[in-house]
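S.K.: Pasting a structure here, questions to come.
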């Protein structure tokens, strides 16, 4: 039998963790995870979002690891119907959020619906912030998952993402974003 990871095992990882010299970051997933920390109820809070992006990436930079951020590129044709379906779900969520807001039902601190809607310029802000910080980044031709996994394998690095698909990739390590306390 092969040596398979125990998915229930929790490993504590800190800034000085030395198992790998490379962190391969799923840029889109990371941006979405950061966006969940902001109350978007009253519209895009891009300045706050950029601040949080800088803070989170500064934390990663302090690890001393090589950081490679990979962003999704163009949508492959076979994913168009899935994207349209997700976009319709977003429109429905926005509609529901607006109904609740106009009915004064929404608690201003509520993140339920507002946190699930990523504003349109969020990913470009992440890209520009990463560039400004001097972090290495790549924009994949299509979806980034296979590029991320390939880089992690090539450099014996860890993948940092919220995408559970990485549990099935043959990579040295996977760190779910929600398992990291950036504060």
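Bear in mind that the values in this text are calculations on the coordinates, not laboratory data. Fair warning: this is a prediction, and the values are worked out from it, not measured in the lab. Reconstructed Cβ throughout: ideal geometry from the backbone, glycine too, with neighbour counts over all protein chains shown.
S.K.: On a full-extension model of 0.36 nm per residue, what is the gain between residue 58 and residue 181, subtracting their alpha-carbon distance, rounded to one decimal in nm?
M.R.: The span from residue 58 to residue 181 would gain 43.0 nm if fully extended.
S.K.: Per 0.36 nm of contour for each residue apart, how much would the distance between residue 77 and residue 139 grow if the chain were fully extended, relative to their Cα-Cα spacing?
M.R.: Separation in residues times 0.36 nm, less the Cα-Cα distance, equals 20.6 nm.
S.K.: How far apart, in nanometres, would the label points at residue 91 and residue 39 be if each is projected 7 angstrom from Cα along the Cα-to-Cβ direction?
M.R.: Result for the modelled spin labels: 2.9 nm.
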